[in-house]
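S.K.: Next up is a structure, given as structure tokens.
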Amino acid sequence: MTAPDGIDLHWVRDARELRQAYELRFRVFCDEQGVPRDEEIDALDDVARHAVVVAPDGAVIGTMRLVSRASTVKVGRVAVDREWRGHGIASRLLARAYEYAQGVRAEELRLAAQTQAVGLYEKAGYRRVGEPFPEAGIEHVWMVREVLPPRRRSAGAVPAP
Ligand SMILES: CC(C)(COP(=O)(O)OP(=O)(O)OC[C@H]1O[C@@H](n2cnc3c(N)ncnc32)[C@H](O)[C@@H]1OP(=O)(O)O)[C@@H](O)C(=O)NCCC(=O)NCCS
């Protein structure tokens, strides 16, 4: 199902939006999934690039963070408001992560997926690597997606009318 018109995906623009993203993460990971609140926000949040999906009424209904290290972009904290799931919002976030990784010329995207969410990431082109491991009391597995260079128009090509 596609998301209704009027929802917007962008990088966090101010402290208020970042706070809303954190509040969504607390609702999803701590209240729903039982992650301890003092483990949810960590030092990587200070250096991460945070994306938000904003509903027409201004509510933040989706978020993820990206952390670049060497030639890898690590995707984390992918969360969608319970009321908005099944509308392709996580897919849009992952597509933005891929575009970002292309833009910074990363070689791969990497994430620690909750094993219950592996299907989401497989549909987005990730593959499992290694064995499952526990983190914050939840089983995870590393997944990677190779990043291809952005397609370039061949020099001198005549644009289609
Ligand atoms: C997992 C989550 C982010 C998915 O968000 P969403 O916006 O509902 O996902 P989408 O609608 O973009 O789903 C895209 C595709 O992945 C599939 N998918 C979504 N969640 C899935 C899951 N948990 N397991 C398997 N497949 C899943 C969808 O069915 C859809 O498939 P389709 O294209 O064939 O219809 C959301 O359910 C959520 O926030 N869950 C709680 C937090 C969480 O588990 N985060 C992941 C941490 S690794």
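S.K.: Do any residues in the stretch 66-95 that are without any contact (Cβ under 8 Å) to a residue 24 or more places away in the chain have Cβ atoms under 8 Å from those of residues that are part of a loop (DSSP other than H, G, I, E, B) and of a type in the set (A, V, I, L, M), where the two are at least six apart or on different chains, and which pairs are they?
M.R.: Sorted first by the residue in the stretch 66-95, then by its partner, the pairs are Val67/Ala48.
S.K.: Turning to a different aspect of this structure: In the stretch 111-155, which residues are modelled with pLDDT under 95 and in contact with a helix residue (DSSP H, G or I) (Cβ under 6 Å, 6 or more places away or on another chain)?
M.R.: Those that are modelled with pLDDT under 95 and in contact with a helix residue (DSSP H, G or I) (Cβ under 6 Å, 6 or more places away or on another chain): Ala136, Pro150.
S.K.: Something else about it: Quick test of your reading of the structure: Val75 fulfils all but one of (1) over 13 Å from Leu148 (Cα atoms); (2) more than 16 Å from the ligand (Cβ to nearest atom); (3) among the hydrophobic types (A, V, I, L, M, F, W, C). Name the failing condition by number.
M.R.: Unmet condition: (2).
S.K.: Being assigned to a loop (DSSP other than H, G, I, E, B) and among the hydrophobic types (A, V, I, L, M, F, W, C) is the filter here, so list the residues in the stretch 126-150 that pass it.
M.R.: The answer is Ala136, Val147, Leu148.
S.K.: Output the residues belonging to the stretch 18-30 that are over 14 Å from Ala48 (Cα atoms) and in contact (Cβ under 8 Å) with a residue 12 or more places away in the chain.
M.R.: Passing the criteria: Gln20, Glu23, Leu24, Arg25, Phe26, Arg27, Val28, Phe29.
S.K.: Select from the stretch 51-95 the residues that are in a strand (DSSP E or B), closer than 17 Å to Ala117 by Cβ, over 8 Å from the mean Cα position of the chain (by Cα) and among the basic types (Lys, Arg) and list them in ascending order.
M.R.: Lys74
S.K.: Does any residue in the stretch 104-131 that is under 22 Å from Gly88 (Cβ atoms) and of a type in the set (Gly, Ala, Ser) come within less than 6 Å, Cβ to Cβ, of a residue that is at pLDDT 95 or above and in a strand (DSSP E or B) six or more places away or on a different chain, and which pairs are these?
M.R.: From the stretch 104-131, the pairs are Ala113/Val141; Ala113/Met143; Gly125/Arg145.
S.K.: For residues that are under 13 Å from the mean Cα position of the chain (by Cα) and either at positive phi or more than 12 Å from the ligand (Cβ to nearest atom) (or both), scanning just the stretch 97-143, find the one that is surrounded by the fewest Cβ atoms within 10 Å (Cβ to Cβ).
M.R.: Here the residue is Glu99.
S.K.: Looking only at the stretch 27-49, count every residue that is surrounded by fewer than 16 Cβ atoms within 10 Å (Cβ to Cβ) and within 12 Å of the ligand (Cβ to nearest atom) and tell me the total.
M.R.: 5
S.K.: Further question: Kindly indicate whether any position in the stretch 79-100 is under 25 Å from Leu148 (Cβ atoms) and either among the acidic types (Asp, Glu) or in contact with a Cys (Cβ under 7 Å, 6 or more places away or on another chain) (or both).
M.R.: Applying the first criterion (under 25 Å from Leu148 (Cβ atoms)) to the stretch 79-100 yields 88-100.
With either among the acidic types (Asp, Glu) or in contact with a Cys (Cβ under 7 Å, 6 or more places away or on another chain) (or both) added as a condition, the list becomes 99.
The answer is yes, given that some residue of the stretch 79-100 is under 25 Å from Leu148 (Cβ atoms) and either among the acidic types (Asp, Glu) or in contact with a Cys (Cβ under 7 Å, 6 or more places away or on another chain) (or both).
The values are calculated or read from the model by the stated rules, or taken from the named source; none is laboratory data. Since we're looking at a predicted model, the values are computed, not measured. Reconstructed Cβ throughout: ideal geometry from the backbone, glycine too, with neighbour counts over all protein chains shown.
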